[in-house]
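Let me begin by presenting the structure, written as structure tokens, before commenting on it.
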Amino acid sequence: MVEGANGAALLSFLGSGEVQTATMAPSAMIVANSIGINLRVVYADASTTKLGLYANPSSGMTADPKTWKGKNIGIAKNSQADYALRWSLQKAGMKPSDVNMIVLAPPVAVPAYQRNQIDGYYVWDVWGARLEASGAKLVQRAVDDGFPSSSIWTMTKEFLAANPDAAARFIATLNQASTEMRASLAKGGADAEVVYAAIGKANGVDRAAAAELLKAQPPATLQTLLSNDAPLSFVSKTGLLAQVIQQGRIAVQAEAIKQEPANPQDLLAPRSLLEAAMKVKDSRSPK
């Protein structure tokens, strides 16, 4: 297993063939395909509804982008958060140059915030929770401004084509994990505490933050991904496809890629693969 602060940090490993699957945001997947690393979305963990602007309460920044003018706002360049910030500014009739966009990798954002080097950081859930622990407040959620986002699993096109059965089993395993987490959270008590502890440890946040993240962003299952009306739907034009199209357009504006994906639907695994994963039996079940 290879770890990185975000999806972009894993692209070199995917490009070299050292790994064949990785979790990331649509933004990183789009950039990867533009540089010849052929990735396909095979699963979506959750809607990242806590992607947004985490600001210093004394900065005066609110959900209104007009209050961000001239402020020092950190971003991870070409990330989903970068594109969400650009989207919000554009909707408000503003330009990226109306704020001081400071490029900061997530691991150094919290120290920068603590040293008052930035007024806020536009970032996703886990790092947002760490900023909140340092006093920052989530003043604007991207999803509330028309920018839905997600955490996805990708797989190289080449591996997917050569190993469809293995891909289906991998997707089935992700689905089983999400299903079991949801069941444990619904049961509550000791079962839920196991999930909170695991998520907290994996993301470097305390139990309370882990519980809040899971409440805001419950794990998605294949049933959700195959539904027609879910934000993470693989089969609806208003689901993941809409996210890929929106982020591809902004990526061009940000000069991260030269042109939008020609066939964005092709970047999503076919419905047949997810349906095959639904039929995979749990290997732990009694025979």
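Which residues, taken from the stretch 131-170, are of a type in the set (Phe, Trp, Tyr) and more than 22 Å from Lys66 (Cβ to Cβ)? Please lay out each step first, then the result.
If we filter the stretch 131-170 for residues that are of a type in the set (Phe, Trp, Tyr), which is where we start, we get 147, 153, 159, 170.
Matches in the stretch 131-170: Trp153, Phe159, Phe170.
Could you check, for the stretch 211-218, whether at least one of its residues is touching a strand residue (DSSP E or B) at 6+ places or on another chain (Cβ under 7 Å) and at pLDDT below 95?
Yes, the stretch 211-218 has at least one match.
So is Ala142 surrounded by fewer than 14 Cβ atoms within 10 Å (Cβ to Cβ) and among the small types (Gly, Ala, Ser) or not? Reasoning before the result, please.
Details: surrounded by fewer than 14 Cβ atoms within 10 Å (Cβ to Cβ): no; among the small types (Gly, Ala, Ser): yes.
Judged against the criteria, Ala142 is not a match.
Has the stretch 209-220 got any residue that is closer than 27 Å to Pro107 by Cα and in contact with a Phe, Trp or Tyr (Cβ under 6 Å, 6 or more places away or on another chain)? I'd like the intermediate steps shown before the answer.
Just the residues of the stretch 209-220 that are closer than 27 Å to Pro107 by Cα, to begin with: 209-220.
Filter once more, so that each one left must be in contact with a Phe, Trp or Tyr (Cβ under 6 Å, 6 or more places away or on another chain): 210-211.
Yes - at least one qualifying residue is present in the stretch 209-220.
Among the strands (runs of 3 or more DSSP E) confined wholly to the stretch 1-86, which include 3 or more residues that are among the aliphatic types (A, V, I, L, M), modelled with pLDDT of 95 or more and out of contact with any Phe, Trp or Tyr (no Cβ under 6 Å at 6 or more places or on another chain)? Before the answer, list the steps.
Details: elements: 21-24, 39-47, 52-55, 72-75.
Per the criteria, 39-47.
Being part of a helix (DSSP H, G or I), within 24 Å of Asp229 (Cα to Cα), within 21 Å of the chain's Cα centre (by Cα) and not aliphatic (A, V, I, L, M), is that true of even one residue in the stretch 137-148?
So in the stretch 137-148, the residues part of a helix (DSSP H, G or I) come out as 142-145.
Okay, now just the ones that are also within 24 Å of Asp229 (Cα to Cα), so 142-145.
With the extra rule that they be within 21 Å of the chain's Cα centre (by Cα), the set shrinks to 142-145.
Now drop any that are not not aliphatic (A, V, I, L, M), which leaves 144-145.
Yes, the stretch 137-148 contains at least one residue that is part of a helix (DSSP H, G or I), within 24 Å of Asp229 (Cα to Cα), within 21 Å of the chain's Cα centre (by Cα) and not aliphatic (A, V, I, L, M).
Take the stretch 165-174 and flag every residue that is within 19 Å of the chain's Cα centre (by Cα) and either of a type in the set (Asp, Glu) or within 25 Å of Trp127 (Cα to Cα) (or both).
Residue satisfying the conditions is Leu174 alone.
Here is a check on your reading of the model: is Met29 assigned by TED's automatic domain parsing to the domain that holds Ser178, in contact with a strand residue (DSSP E or B) (Cβ under 6 Å, 6 or more places away or on another chain) and either hydrophobic (A, V, I, L, M, F, W, C) or surrounded by fewer than 22 Cβ atoms within 10 Å (Cβ to Cβ) (or both)?
Against the criterion (assigned by TED's automatic domain parsing to the domain that holds Ser178, in contact with a strand residue (DSSP E or B) (Cβ under 6 Å, 6 or more places away or on another chain) and either hydrophobic (A, V, I, L, M, F, W, C) or surrounded by fewer than 22 Cβ atoms within 10 Å (Cβ to Cβ) (or both)), Met29 qualifies.
Would you confirm whether or not the stretch 104-124 contains a residue that is touching a helix residue (DSSP H, G or I) at 6+ places or on another chain (Cβ under 9 Å), under 27 Å from Leu222 (Cβ atoms), outside the structural domain of Ala251 (by TED's automatic domain parsing) and not polar (S, T, N, Q)?
Scanning the stretch 104-124, I find at least one residue that is touching a helix residue (DSSP H, G or I) at 6+ places or on another chain (Cβ under 9 Å), under 27 Å from Leu222 (Cβ atoms), outside the structural domain of Ala251 (by TED's automatic domain parsing) and not polar (S, T, N, Q), so the answer is yes.
Pairs under 8 Å by beta carbon, first residue more than 18 Å from Phe170 (Cβ to Cβ) in the stretch 19-47, partner in a loop (DSSP other than H, G, I, E, B) and of a type in the set (Val, Ile, Thr), six or more apart or different chains?
Once the first residue is more than 18 Å from Phe170 (Cβ to Cβ) and sits in the stretch 19-47, its partners that are in a loop (DSSP other than H, G, I, E, B) and of a type in the set (Val, Ile, Thr) give Ala25/Thr48; Ile30/Ile257; Val31/Ile257; Ser34/Ile257.
Of the conditions (1) at pLDDT 95 or above; (2) loosely packed, with under 15 Cβ neighbours inside 10 Å; (3) not in a loop (DSSP other than H, G, I, E, B), Gly93 clears all except one; give me its number.
Of the numbered conditions (1) at pLDDT 95 or above; (2) loosely packed, with under 15 Cβ neighbours inside 10 Å; (3) not in a loop (DSSP other than H, G, I, E, B), the odd one out for Gly93 is (3).
Residues of the stretch 175-203 being closer than 17 Å to Thr48 by Cβ, out of contact with any Pro (no Cβ under 8 Å at 6 or more places or on another chain), of a type outside the set (Val, Ile, Thr) and touching a residue at least 12 places away in the same chain (Cβ under 8 Å), which ones?
Of everything in the stretch 175-203, just one residue is closer than 17 Å to Thr48 by Cβ, out of contact with any Pro (no Cβ under 8 Å at 6 or more places or on another chain), of a type outside the set (Val, Ile, Thr) and touching a residue at least 12 places away in the same chain (Cβ under 8 Å), namely Asn203.
The values are calculated or read from the model by the stated rules, or taken from the named source; none is laboratory data. Treat the numbers as computed from the prediction; the structure is a model and nothing was measured. Heads up, the Cβs are rebuilt from the backbone with ideal geometry, glycines too, and the neighbour counts pull from every protein chain shown.
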